[in-house]
Amino acid sequence: MTDQGIKSRPIYATLRRDSSGRRHLYVSAGSGPPPDALAQDGLESWTVAPTTCEGTLPRPEGVGERRFRSTRYLMETLGRRLAGERMGLRLYVEGPEDFLWDVYGVAQAHGLGRQEIFLKQSGTLARRVQCVHCKTFNEGVTTTIVRCAGCGANLFVRDHFSRRLSAFQGVKIDAEQPGDVPQAERAYP
Amino acid sequence: MILDGTLPARVAGIDSLSPTLKRFRFEPERGCFPTAAPGAHVLVTLRGPERVWKNAYSLVTPPEARDAYAIIVRRVEESRGGSHFLHDHLRPGDRVEIGTPASLFPIASLARRHVLIGGGIGLTPFLSFLPVLRERGAAFELHQYCTDAETETFGRLLAEAGGAVTIHGSTSRRSVAEILADQPLGTHVYTCGPERLMAAVEAAALDLGWPSHSIHKESFGGAEGGKPFSVRLARSGRSIAVSDTQSLLEALEAAGIEAPCLCRGGACGVCLTGVIDGEVEHRDHVLTEAERADGKLIATCVSRARSDALVLDL
Ligand code: FES
């Protein structure tokens, strides 16, 4: 059920430094260090300090390193940063799929094109699911079927992914036979 | 991509812009011309007393202009290309055949800013960009490189474009790298002019980390002569001589062969023809290194023979 053979599912390669760029920015939804293939001189690395670290002392930021207390704060800062950026930047993004495409959206809105952005999925496979009926976004969905937080419909999580919304599509599974809802499986841990 | 059908037209007006530059206005014999895309060019067929030329010229009229097309032509000294004929013999009222406009040099729709860099007569495709960019409210700047003697002429042509235009004469000019160094994300650069200028623009942009998709070059009617050679056409068995001032494509056309072409500057690949025997001197921008080494194809509009003869699959 996980591979529904739908073509809008993006495929991600591993991140490698694009040496044609002049400045390199790595943005991650996690807190780990950038992959070795990127981490050379002059890489800037922006990460999100995980909430589980709250209260513990974070390790100090190194040169070119920045840690953000939330994804949202990182995203806002990125928008401001890109607004003042010049040609020659390469952006590398790592994290769950919704994060990747949120960042992609911000980058695109500031003029970065396909040759300048590189995406790599990692971390949770949990999905952001938009209910096609009431348009509510359901965050962090790990199961094949989910109850919509907006309208209460039992949604089947389709593999149809919208890069614009950074979300998968959820459609009512019991539209034909109300109440006929199969067992949900944990498919996107 | 191959466009057939020519549009019968007449010369409606000729303005002298400078001692070597003239603008020719053409009006259709009947009806309207088709709408052209910004950056479009047309093939103009000129029938001189001894020979026929088919040359590519950028339209300098706004894209929506359908009642007339205009081109600007420089009269060059060693006129192998027919500019003498246009300058010295063409008169208002004369008939010309114009091909359907084609664009190999479009404005990038996703660009957020446009930097246009012209050199000399290579300014012409940008003259049809400007009204479109202005109408769209697009962010752009235009840099025109030329000799000091021509700054005024080009200045007049660009008068309407206003503050976004800088003309660089030969004595005081900013380098291409300086122009490109401080551009925001989403900028595209377009260049048209002498090969050296275009190569400098491309090299500077790549060096500053611009992705290749954001660099656009218009190769402009660039056939240069060379050593004469002969071609044998394998299918018809005919032999044709290519003189030192003729391109292979022109020699084929002069022999009455309907050879396909579109840009006549080695940029589109429409004229690629199979080579059965002989060694090619490649001068085009379309073949890959591997294809060149393979030697099985020739861009007839610009490339020539390195050997004394070629056998073509025609
Ligand atoms: S006609 Fe375009 S490459 Fe020859």
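The values are calculated or read from the model by the stated rules, or taken from the named source; none is laboratory data. Please read all numbers here as calculations on a predicted model, not as lab measurements. Cβ coordinates were reconstructed from backbone atoms using ideal geometry, including for glycine residues, and neighbour counts include every protein chain displayed. Only protein heavy atoms, including side chains, enter the accessible area calculation; ligands, DNA and RNA are left aside. Shrake-Rupley method; radii C 1.70, N 1.55, O 1.52, S 1.80 Å.
For the residues B:Tyr69, B:Tyr57, A:Tyr73, a 1.4 Å probe over the protein chains yields an accessible-area ranking, largest first, of A:Tyr73, B:Tyr57, B:Tyr69. The overall shape of the range A:127-172, judged from the alpha-carbon gyration tensor, is prolate: a/c is not under 1.5, and a/b is greater than b/c.
For the set A:Arg186, A:Arg81, B:Arg136, B:Arg196, solvent exposure ranked by accessible area (probe 1.4 Å, protein chains only) runs largest to smallest as B:Arg196, A:Arg186, B:Arg136, A:Arg81.
Applying Stokes-Einstein at 25 °C and 0.890 mPa s to the Kirkwood radius of the range A:80-189, computed over alpha-carbon pairs, gives a translational diffusion coefficient of 161 µm² s⁻¹.
Accessible surface of the protein assembly as shown, 1.4 Å probe: 50 percent of it comes from carbon and sulfur atoms. Result for chain A in a Gaussian network model with C-alpha springs under 10 Å: among A:Arg23, A:Arg164, A:Arg86, the largest mean-square fluctuation is at A:Arg86. For the range A:106-189, applying the loop criterion from DSSP together with a ceiling of 12 other beta carbons within 10 Å to the GluC sites (Glu not before Pro) yields A:Glu176, A:Glu185.
Between A:Val132, A:Val63, A:Val157, the residue with the greatest mean-square fluctuation in the GNM of chain A (Cα pairs under 10 Å linked by springs) is A:Val63. Taking a straight line from the alpha carbon of A:Lys135, these lysines sit under 23 Å away, with near neighbours fewer than eight places off in the same chain left out: A:Lys7, A:Lys172. Computed from Cα positions, the angle between helix B:124-136 and the longest principal axis of chain B comes to roughly 40 degrees. Projecting the Cα positions of B:Val11, A:Gly152, B:Leu252 onto the charge dipole of the protein assembly as shown (unit charges on Cβ atoms of Lys, Arg, Asp and Glu, taken about the Cα centre) puts A:Gly152 furthest along the positive direction.
For the range A:23-121, the equivalent ellipsoid derived from the alpha-carbon gyration tensor has semi-axes of 21, 15, 13 Å in decreasing order. Among the GluC sites (Glu not before Pro) in the range B:254-314, those placed in a DSSP loop whose Cβ has at most 11 other Cβ atoms within 10 Å are B:Glu258. Sorting A:Asp180, A:Asp41, B:Asp284 by accessible area puts them as A:Asp41, A:Asp180, B:Asp284; the probe is 1.4 Å, largest comes first, and only protein heavy atoms count. The mean sequence separation of alpha-carbon pairs under 8 Å and at least six residues apart, normalised by the residue count of the range A:127-172, gives a relative contact order of 39 percent.
How high is the relative contact order of chain A, in percent, counting Cα pairs under 8 Å that sit 6 or more residues apart? Intermediate values should be presented prior to the final figure.
On the way: 336 pairs, mean separation 38.1, N = 189.
Once normalised by length, the contact order is 20 percent.
Kirkwood-type hydrodynamic radius, the range A:92-137: 11.7 Å, calculated from all non-identical alpha-carbon pairs.
For chains A and B, what's the summed buried accessible area, probe 1.4 Å, to the nearest 100 square angstrom?
Buried area between the two chains comes out at roughly 1400 Å².
Across the range B:162-314 the C-alpha pair distances fall into 5 Å bins from zero in the proportions 2, 9, 16, 18, 15, 10, 9, 9, 7, 4, 2, 0 percent.
Once the Cα gyration tensor of the range B:75-179 is found, what semi-axes does its equivalent ellipsoid get, as square roots of 5 times the eigenvalues, in whole Å, sorted largest first?
On the way: eigenvalues 150, 83, 32 Å².
Over the Cα atoms of the range B:75-179, the semi-axes work out to 27, 20, 13 Å.
The trypsin sites (Lys or Arg not before Pro) of the range A:97-131 that DSSP puts in a loop, and whose beta carbon has at most 12 other beta carbons within 10 Å, are A:Arg114. In terms of overall dimensions, the C-alpha atoms belonging to chain A reach 59, 40, 27 Å along their principal axes, ordered largest to smallest. Take the Cα radius of gyration of chain B and divide it by 2.2 N^0.38 Å, N being the number of residues; the result is 1.01. In the range B:7-98, the C-alpha radius of gyration followed by the widest Cα-Cα span (Dmax) gives 12.5, 37 angstrom. Can you pull a Stokes-Einstein diffusion coefficient for the protein assembly as shown at 20 °C (1.002 mPa s), Rh from Kirkwood over Cα pairs, as a whole number of µm²/s? Translational D for this selection: 80 µm²/s.
In chain B, the DSSP-assigned H stretches of four residues or longer account for a calculated mean residue ellipticity at 222 nm of -5000 deg cm²/dmol, using -39500 (n - 2.57) per stretch and the full residue count as denominator.
Taking the alpha carbon gyration tensor of the range B:229-312, multiplying each eigenvalue by 5 and rooting it gives semi-axes of 18, 15, 11 Å, largest first.
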